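Asker: One structure coming up, written as structure tokens, with questions to follow.
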Amino acid sequence: MRRTDPFRYFLTLVITLLPALVFAQERFFDSNGIAIRYVDQGSGDAVVLVHGNGSTLDSWNAWGVLPDLVRSHRVVALDARGHGKSGKPHDVKAYGPEMGLDVIRLLDHLGIQRAHIVGYSMAAHIVAQLLTTHPQRFLTATLGGAAGRFRWSREELERSEQEAREKEQECVSRSQIFRLTATGAPRPSEDEIQRRSAACMADPAQDRFAQAALTRGQKDQLITTAQVAAIRVPTLAVVGSLDGYLPDFQALKKIRPSIRLVVVDGATHGGERAAGSRPEFIAAVHELLMSTR
């Protein structure tokens, strides 16, 4: 055996176990009566990562974002309420702005005065509202896959109620699945929807009544175009070219021309081709973080 073999074995082992090592120090804190799971890794300027709907903080590891950022920053990631190992209240009032306040309370809990924040999909809506309510707490912001709830209409309110009812019944919302299907892609079949429903029902980390309450709470995350125009926090917006939310980002760019808008060619909202999983996403985030140094 060559002398380098043990080293190569050790290196392979470290790479294999890196996801577990990254999340080995999970912790919890009380956020106004709700237990919130989080991890706090690395050193330097703090970056807060907030995941999308139906996911957990582990998605940032799967996408490679957390391991990449932790090399140069202090990275804080949390399971949003209603998700993962965090508390899952069934009261609509426990969601809406409370989801953003969980971030502020976590910053206070950790003694962090200002941080960069990165949100994807559901979390981008959370971040967008935080930029109107607590802009002083953020160095930069990244909106991935969603631009904020500044274009809501009566139709949007009716849509959210329909999706909430579907989640109560099936744990997933077929309306939401169809809405977020990539532009030009075929709709999932009934068999596929039933498969997703069964998997959701069997997953102990999923709570369909919490998800329904969260969906109904979306109406309390609305922001006005005037509020959006007044934001001064340096902001990056990243969206896939096949994401149905692309028109929202184009509208956002008109309201806030200073935003850097990155459209990832061929990327979708979710799934294997989600914009957040693409190298263009992390490259754009790095560029934003470096611009403030």
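The values are calculated or read from the model by the stated rules, or taken from the named source; none is laboratory data. All of these numbers come straight from a predicted model, not from anything done at the bench. Note: ideal-geometry Cβ built from the backbone for every residue, glycine included; neighbour counts use all protein chains shown. For the accessible areas, the whole protein counts, side chains as well, though only heavy atoms, and no ligand, DNA or RNA atoms are used. Shrake-Rupley method; radii C 1.70, N 1.55, O 1.52, S 1.80 Å.
Asker: Take the residues of segment 153-180 that are in a helix (DSSP H, G or I) and small (Gly, Ala, Ser): which is farthest from Tyr245 (Cα to Cα)?
Answerer: Going through segment 153-180, the residues in a helix (DSSP H, G or I) turn out to be 154-170, 174-179.
Add one more test, that the residue is small (Gly, Ala, Ser), and what stays is 160, 164, 175.
Numbers: Ser160: 15, Ala164: 20, Ser175: 15 Å.
Filtering segment 153-180 for residues that are in a helix (DSSP H, G or I) and small (Gly, Ala, Ser), the one farthest from Tyr245 (Cα to Cα) comes out as Ala164.
Asker: I would also like to ask the following. Between residues in segment 191-203 that are farther than 18 Å from Thr56 by Cβ and residues that are among the hydrophobic types (A, V, I, L, M, F, W, C), which pairs lie under 9 Å by C-beta distance while being six or more apart or on different chains?
Answerer: Glu192/Ile177; Ile193/Val172; Ile193/Ile177; Ser197/Cys171; Ser197/Val172; Ala198/Cys171
Asker: Still on this structure, I have one more. Please verify whether Gln211 is assigned to a helix (DSSP H, G or I) and either of a type outside the set (A, V, I, L, M, F, W, C) or open to solvent by 40 Å² or more (accessible area, probe 1.4 Å) (or both), treating the condition exactly as stated.
Answerer: Criteria met by Gln211.
Asker: So, one more: Name the residues in segment 109-165 that are of a type in the set (S, T, N, Q) and under 15 Å from the mean Cα position of the chain (by Cα), would you?
Answerer: Across segment 109-165, the qualifying residues are Ser121, Gln129, Thr142.
Asker: Can you name every residue in segment 271-293 that is open to solvent by less than 40 Å² (accessible area, probe 1.4 Å) and either at pLDDT below 95 or among the aromatic types (Phe, Trp, Tyr) (or both)?
Answerer: Phe281
Asker: If you go through segment 217-226 one residue at a time, do you hit one that is outside any helix (DSSP H, G or I), open to solvent by less than 60 Å² (accessible area, probe 1.4 Å), among the aliphatic types (A, V, I, L, M) and within 21 Å of Arg273 (Cα to Cα)?
Answerer: Checking segment 217-226: not a single residue is outside any helix (DSSP H, G or I), open to solvent by less than 60 Å² (accessible area, probe 1.4 Å), among the aliphatic types (A, V, I, L, M) and within 21 Å of Arg273 (Cα to Cα).
Asker: Output yes when any residue across segment 183-200 is in a loop (DSSP other than H, G, I, E, B) and buried (at least 16 other Cβ atoms within 10 Å of the Cβ), and no when none is.
Answerer: Within segment 183-200, not a single residue is in a loop (DSSP other than H, G, I, E, B) and buried (at least 16 other Cβ atoms within 10 Å of the Cβ).
Asker: Ok, one more. Of the conditions (1) within 17 Å of the chain's Cα centre (by Cα); (2) part of a helix (DSSP H, G or I), Ala251 satisfies every one except a single condition; which number is it?
Answerer: (1)
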